[in-house]
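Q: Below is a structure I'd like to ask you about.
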Amino acid sequence: MNGDTRVDLHIHTTASDGTWSPAETVAAVQAAGVGLFAVTDHDTAANVAETGRLAAAAGLGCLPGVEISATLSGHLFHILGYGIDPEHAVLKNILAANTALMEEVDHDSVKKLAAAGFPVDYGEFCAYRHDPRRGGWKALAYFIDKGLCTGVGDFFTKLFTAERGIVFPVFPGPAAAIAAIKAAGGVPVLAHPGSEFHGPALEETLNLFAAERIEGVECFHLCHDAATTRRAVEWCDRHGLLITGGSDCHGTFVPARRLGVPELRLAQLRLGRLLAEGTDKSEQDGKRKNLR
């Protein structure tokens, strides 16, 4: 593995809201010509070990990862954890707690929509079985099958809205997520800080997380334009933090997010101790300035 190796460090599988199994993920990574990747499912590491085994057998570099939800100043943020031990008790506890919070919101959303006169039934929802290969999550699939929305886009504009009293739960703060990642031997990285989803301006978000002792930033992401990427990279350079990037691919669930896009090379990133064994760090540092 060298500075020209293609990298994608943000991929979701059937363990959370992606459509690909570990085997399908590894096959897609190979087909895309990516040599180093990470599975970073939302608030679960259930597919990490199997994906790692399959990747090793295929001769691919694979970082064990996760994406943890956290609430700060009234906004939802995602914190990526790389190099984690997926079986560490502290990490498993926060992932289980976050998953329970979202499941509670799903159940409450069905009850609230039923009370508002929508053609849904809570008992029916409880008995409903979601096929994870569809992507998304149980409530979304149920609402699609009931004809209330066509996908994730109008789910968030028509159903999952503050006006209906349906909002994301208050997750533990970044400090708890970062502590859990570090306890599990991992490195915490702020995901897609330039996303409009978070609310604050880019620099405000980055400065907030500097105070939270984040160790890296996902500077390269589909939701970042060239200017946002450049500002994030420059901020990391000034603060000496790691630089990562990825597609945020969910298989076929979010068609606009394609594995390997943006197209990244290892030399564009700064992965510190996460660098795969055998990578020439001096080559990476020398090339990064010319490739970003």
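All of the numbers you see were taken from the coordinates with simple rules; none came from a lab. What you see is a predicted model; the values in this text were computed from it and never measured. Reconstructed Cβ throughout: ideal geometry from the backbone, glycine too, with neighbour counts over all protein chains shown.
Q: With the alpha-carbon atoms as the only input, what is the per residue convex hull volume for the range 96-164 in Å³? The partial results should precede the final answer.
A: Working: hull volume 6.5 nm³, N = 69.
Taking only Cα atoms, the range 96-164 has a hull volume of 94 Å³ per residue.
Q: Give the value in nm², to one decimal: projected area of the alpha carbon convex hull of the chain, averaged over all directions. Spell out each step's value before the answer.
A: Values: hull surface 57.7 nm².
Answer in nm², one decimal: 14.4.
Q: Now a separate question. Would you mind computing, in nm to one decimal, how far apart the modelled labels at residue 227 and residue 167 are, each placed 7 Å from Cα along Cα→Cβ?
A: Distance between the two pseudo-spin positions: 3.0 nm.
Q: Report the full-extension gain for the segment residue 256 to residue 130: residue separation times 0.36 nm, less the Cα-Cα distance, to one decimal in nm. Mind dumping the intermediate values first?
A: Numbers: separation 126, 0.36 × 126 = 45.36 nm, distance 2.29 nm.
That works out to 43.1 nm of additional length.
Q: Please give, to one decimal in nm, the separation of the simple spin-label points placed at residue 92 and residue 203, each 7 Å out from Cα toward the Cβ.
A: 4.5
Q: Okay, moving on. Go through 138/158; 111/146; 92/158; 112/158 and tell me which ones have a Cα-Cα distance over 25 Å in this structure.
A: In this structure, 92/158 exceed 25 Å between Cα atoms.
Q: Shifting gears a bit: Can you compute the modelled spin-label distance between residue 57 and residue 24, with each label point 7 Å from Cα toward Cβ, in nm?
A: A separation of 1.8 nm, rounded to one decimal place.
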